[in-house]
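This report concerns only the one structure given below.
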Amino acid sequence: MIEIIPKPAPKIISWLNILFYFSIALLIAVILSFFALNHFVKKLKAEFQDLEAVLIKQRTPAIINLEKEILSSQRKIEDMDFLLKRHLATSKVLEFLEKVTHPKVWFFSLDWNSEERRLRVSGITENFQILGQQLLIFQDNQFIKEVNLSKISIDREGKISFNFDLLLDPQIFEK
């Protein structure tokens, strides 16, 4: 048996149709947005180059010289700042030495090496007992990292001449 009347075609669900057309519309919108944004980017780049050219034309020799002077002054300020940060107040070494010196010890020569923070002091005292006390004062001080006693001699008057080499802690300069 042959049927003459065709059966109706199955209906596609309507939400699939809506999703299909929405996807096509979204694709077209994305493509159009791409070209529109690309156009605006090119336009803004051209405007930027035009403004940059105007700025370059407006830079007079006086402005250029002023910029050079400002940069030079800025470099000098940075150099001075660097030097000030590295500067040690050596007067604090003398203040410190005054505080840690035995009352019967006299220093007549100081040699300061700021790079190594070493202080060599040459002095004189009445006897070995006072020299030993001075050595103990130096050794017990928290700001003296190392003490070396060298060149001990007795002069014609019977006084003791000596040299101390002291390695100082950097905290002395922070007080």
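The values are calculated or read from the model by the stated rules, or taken from the named source; none is laboratory data. As the structure is a computational prediction, the values presented were derived from the model and not from experiment. Quick reminder, even Gly has a Cβ in these numbers, built from the backbone with ideal geometry, and neighbours come from all protein chains shown.
So the values come out like this:
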| item | result |
| --- | --- |
| Residue in segment 102-113 that is modelled with pLDDT of 90 or more and of a type in the set (Asp, Glu) present | yes |
| Residues located in segment 153-175, provided they are surrounded by fewer than 12 Cβ atoms within 10 Å (Cβ to Cβ) and more than 19 Å from PRO103 (Cα to Cα) | SER153, ILE154, ASP155, ARG156, GLU157, PRO170, GLN171, GLU174, LYS175 |
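Each row is one residue, and each column tells you yes or no for (1) under 29 Å from the mean Cα position of the chain (by Cα); (2) of a type in the set (Val, Ile, Thr); (3) assigned by TED's automatic domain parsing to the domain that holds PHE96.
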site	(1), (2), (3)
TRP112	yes, no, yes
THR125	no, yes, yes
PHE138	no, no, yes
ASN141	no, no, yes
VAL147	no, yes, yes
SER150	no, no, yes
SER153	no, no, yes
GLY158	no, no, yes
LEU166	no, no, yes
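Residues are listed down the side, and each one gets a yes or a no for (1) of a type outside the set (S, T, N, Q); (2) surrounded by 10 or more Cβ atoms within 10 Å (Cβ to Cβ); (3) farther than 30 Å from ASP111 by Cα:
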position	(1), (2), (3)
LEU19	yes, yes, yes
PHE22	yes, yes, yes
LYS45	yes, yes, yes
THR60	no, no, yes
GLN74	no, yes, yes
LEU83	yes, no, no
LYS92	yes, yes, no
